[in-house]
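The values are calculated or read from the model by the stated rules, or taken from the named source; none is laboratory data. Computed from a predicted model, the values in this text were never measured in an experiment. Because the Cβ atoms are built from the backbone with ideal geometry, glycine has one as well, and the counts that use them run over all protein chains shown. Quick note on the areas: whole protein, heavy atoms, side chains included, nothing else; ligands and nucleic acids left out. Shrake-Rupley method; radii C 1.70, N 1.55, O 1.52, S 1.80 Å.
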Amino acid sequence: MNPLEKDGWTPFSNSGETVKRVAAVPDTPQTRAPAYKLAFSDTEFMTKRELRPIRLQLELLKPEMVMEERGIKSTVVLFGGARIPEPGGEAWAAKNEVQKKNLEANSVYYEEAREFARRCSEYSASTYYREFVVVTGGGPGVMEAGNRGAADIGAPSIGLNIVLPHEQAPNAYVTPELCFNFHYFALRKMHFLFRAKAFAVFPGGFGTMDELFETLTLMQTGRMERVPLVLFGKEFWTKAINIPYLSEQGTISPEDLELFHYVDTADEAWAVVKDHYQL
């Protein structure tokens, strides 16, 4: 049966069949020439600078189509540092003894992220994994903890990986069928936000700050609904970013301080989410 028939009958052959037919043609100077390659299966052509708009569209479409096919309606997003080890684990990113001490102390957030992801996934199970599916950046540290918490109870979870110079590999706990890879940070961010019903932000660096402020800006400006956003680690966040000072200076409104909640434990974070949605 023509694969397209599942979405409606068509008298035309599909592109997958065409690719197979091209692969079977005789090997000649003409068929080896770059010009002969089908445009959509020509990697060299597809990576040309002029094709950037097409690549952006593809990175928007692929994860969206996969999640739509899985019936995923909403997610809970976990942002946080890739460098935070699990309790008892090696602080592999430490450059000195001070960093080693602090990273090891912050390993408590690995366990809190894992527990929070478990709580979300337990509720997700009651929706047949359509709502509150855990999504992370797919890498190590807090991201690994989030996917691991879902895996602890056999729940699926999403990983939105990004190609980086130091080769971020997907952590072992991401559901393979929901493990995506991106070239464009902008498209990756969009997929973090599309279905998000809650955000949990753990201690992290520039990447975590970028994701946090992107989300706060969208909610502040009314470009997205105000959903629960919890900052794990009040001591860390009040020292790292003095947001009340921005309010005092008038660069944000006093009510903007209500866009987020400080929490220290998974219990506190889940209570914020439960109260917001009356679960």
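Using the heavy atoms of the protein chains alone and a 1.4 angstrom probe, what is the accessible area of region 1-95 per residue in square angstrom?
For region 1-95, the solvent-accessible area averages 73 Å² per residue.
Could you go through region 234-248 in sequence order and give the Karplus-derived ³J(HN,Hα) for each residue, using 6.51 cos²θ - 1.76 cosθ + 1.60 with θ = phi - 60°, rounded to whole Hz, and x for Gly and Pro?
With coefficients 6.51, -1.76 and 1.60, one gets 4, 4, 4, 6, 6, 7, 6, 9, 8, 5, x, 4, 4, 5, 4 Hz.
Any chance you could run the full-extension gain for Leu58 through Asn14? It's 0.36 nm times the residue separation minus the Cα-Cα distance, nm to one decimal.
Here the answer is 14.0 nm.
Evaluate the Debye formula for region 79-186 with equal point scatterers sitting on the alpha carbons, no solvent, and hand back log10 of I(q)/I(0) at q = 0.12, 0.14, 0.17 Å⁻¹, in q order, two decimals.
Values returned for q = 0.12, 0.14, 0.17 Å⁻¹ are -0.41, -0.54, -0.77.
How much length is gained on full extension from Leu279 to Ala35, taking 0.36 nm per residue of separation minus their Cα-Cα distance?
Extra length available between Leu279 and Ala35 comes to 82.0 nm.
Between their Cα atoms, which of Lys37/Lys189; Lys100/Lys234; Lys73/Lys101; Lys100/Lys239; Lys48/Lys73; Lys48/Lys189 are more than 29 Å away from each other?
Over 29 Å Cα-Cα: Lys37/Lys189; Lys73/Lys101; Lys48/Lys73.
Please turn the phi angles of region 41-46 into ³J(HN,Hα) values with the Karplus equation 6.51 cos²θ - 1.76 cosθ + 1.60 (θ = phi - 60°), one per residue in order, whole Hz, x for glycine and proline.
Result, ordered by residue: 10, 9, 4, 4, 5, 5 Hz.
In units of 2.2 N^0.38 Å, what is the alpha-carbon radius of gyration of the chain?
1.18
For a Förster distance of 30 Å, can you work out the FRET efficiency between the beta-carbons of Arg226 and Glu122, rounded to the nearest 0.05?
0.75
Hey, any idea what % of the chain's accessible area is carbon plus sulfur with a 1.4 Å probe?
The value for the chain is 55 percent carbon and sulfur by accessible area.
Loop only per DSSP, at most 11 neighbouring Cβ atoms within 10 Å: give me the GluC sites (Glu not before Pro) in region 89-179, ordered by residue number.
Qualifying residues, ordered by number: Glu90, Glu167.
Asp267 to Leu218: extension gain in nm, 0.36 nm per residue of separation minus the Cα-Cα distance?
15.0 nm
Can you give the calculated 222 nm mean residue ellipticity of the chain, where each DSSP H run of n ≥ 4 adds -39,500 (n - 2.57) and the sum is split over every residue, rounded to the nearest 500 deg cm²/dmol?
Taken over the chain, the calculation gives -13000 deg cm²/dmol.
What is the set of long-range amide H partners of Leu229 at a cut-off below 5 Å, with H atoms built 1.01 Å from backbone N?
Amide H to amide H, under 5 Å and 5 or more residues apart or across chains, Leu229 pairs with Phe199, His261.
Write out the chymotrypsin sites (Phe, Trp or Tyr not before Pro) in region 27-95 meeting two conditions: DSSP loop, and at most 14 other Cβ atoms within 10 Å of their Cβ.
The qualifying sites are Trp92.
Please list the radius of gyration and Dmax for region 14-114, considering alpha-carbon atoms only, with Å as the unit.
Reported Rg and Dmax, both Å: 23.7, 64.
If Lys and Arg each add +1 and Asp and Glu each add -1, what is the summed charge of the other residues whose beta carbon sits under 15 Å from the beta carbon of Lys189?
-2
With a cut-off of 15 Å, note down the residues of region 120-153 whose backbone N falls inside the zone around a label point 7 Å from the Cα of Val66 toward its beta carbon.
134-139
For region 103-120, what does the Karplus curve 6.51 cos²θ - 1.76 cosθ + 1.60, with θ = phi - 60°, yield as ³J(HN,Hα) per residue in whole Hz, taken in order and with x for Gly and Pro?
Once rounded to whole Hz, the list reads 5, 5, 5, 6, 5, 4, 6, 4, 5, 5, 5, 5, 5, 4, 5, 4, 4, 4.
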